[in-house]
Amino acid sequence: GRVFRDRWGSGEVDADALAEREKLAELGIISATLVVDTGQRRIATGPHLTGSGLSREETSALGEVAAEARQLLDELSPGVVGDESLLRDELSRAVRRVVKQRTGKRPAVLATVVKV
């Protein structure tokens with residue numbers, strides 16, 4: 001019978017949204033951006049990582065996480081690099097894998113692919 005409302009009292013927050021908010025608060029979120037040269041079907045730069053809700057140690061390790069994730073992404077075929085949806089999935093998977101190995105945590109990863 002409990003009803004949760006957002007901070008401004010303008011809308012109800014359902015149980016799924018509340019659980020997701022609790023997970024984000026506990027594990028944090030990493031934004032991963034990858035720049036792709038579409039003409040050559042290759043990764044131009046990245047991934048560039050920023051975090052929110054991470055510990056100091058996790059935040060300071062983002063550079064190393066990006067380097068390790070890049071190594072995994074460099075193994076992808078040109079076909080995968082040319083498909084934005086597949087590449088976004090692989091980017092998320094690579095970042096999550098490296099973070100999991102380093103910290104044991106599974107933060108949410110928001111992956112973005114920028115085409116040039």
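Taken together, Val109, Val98, Val81 contain a single residue that is open to solvent by less than 20 Å² (accessible area, probe 1.4 Å), within 14 Å of the chain's Cα centre (by Cα) and not basic (Lys, Arg), which is Val98. Among all residues of region 58-71, there is none that is farther than 22 Å from Arg102 by Cβ, acidic (Asp, Glu) and open to solvent by 80 Å² or more (accessible area, probe 1.4 Å).
Within region 34-68, the set of residues being in contact (Cβ under 8 Å) with a residue 40 or more places away in the chain, under 17 Å from Ala108 (Cα atoms) and part of a strand (DSSP E or B) comprises Leu34, Pro47, Leu49, Gly51.
Would a scan of region 25-33 turn up a residue that is part of a helix (DSSP H, G or I) and exposed (fewer than 13 other Cβ atoms within 10 Å of the Cβ)? There is at least one residue in region 25-33 that is part of a helix (DSSP H, G or I) and exposed (fewer than 13 other Cβ atoms within 10 Å of the Cβ).
What about Gly53, is it touching a Gly at 6+ places or on another chain (Cβ under 7 Å) and surrounded by 14 or more Cβ atoms within 10 Å (Cβ to Cβ)? Against the criterion (touching a Gly at 6+ places or on another chain (Cβ under 7 Å) and surrounded by 14 or more Cβ atoms within 10 Å (Cβ to Cβ)), Gly53 qualifies. The residues in region 69-88 that are acidic (Asp, Glu) and either touching a Gly at 6+ places or on another chain (Cβ under 8 Å) or part of a helix (DSSP H, G or I) (or both) can be counted, and the count is 2. Take the residues of region 89-116 that are among the charged types (D, E, K, R) and outside any helix (DSSP H, G or I): which is nearest to Val35 (Cα to Cα)? Taking the candidates together, the pick is Lys115. Evaluation of Leu18 against the conditions (1) free of Cβ contacts under 8 Å to residues at least 12 places away in the same chain; (2) touching a Phe, Trp or Tyr at 6+ places or on another chain (Cβ under 7 Å) shows that the sole unmet condition is (1).
The values are calculated or read from the model by the stated rules, or taken from the named source; none is laboratory data. Remember, it's a predicted structure, so these values are computed and weren't measured experimentally. Ideal geometry is used to build each Cβ from the backbone, glycine not excepted, and the neighbour counts take in all protein chains shown. Note: areas computed on protein heavy atoms with side chains; ligands, DNA, RNA excluded. Shrake-Rupley method; radii C 1.70, N 1.55, O 1.52, S 1.80 Å.
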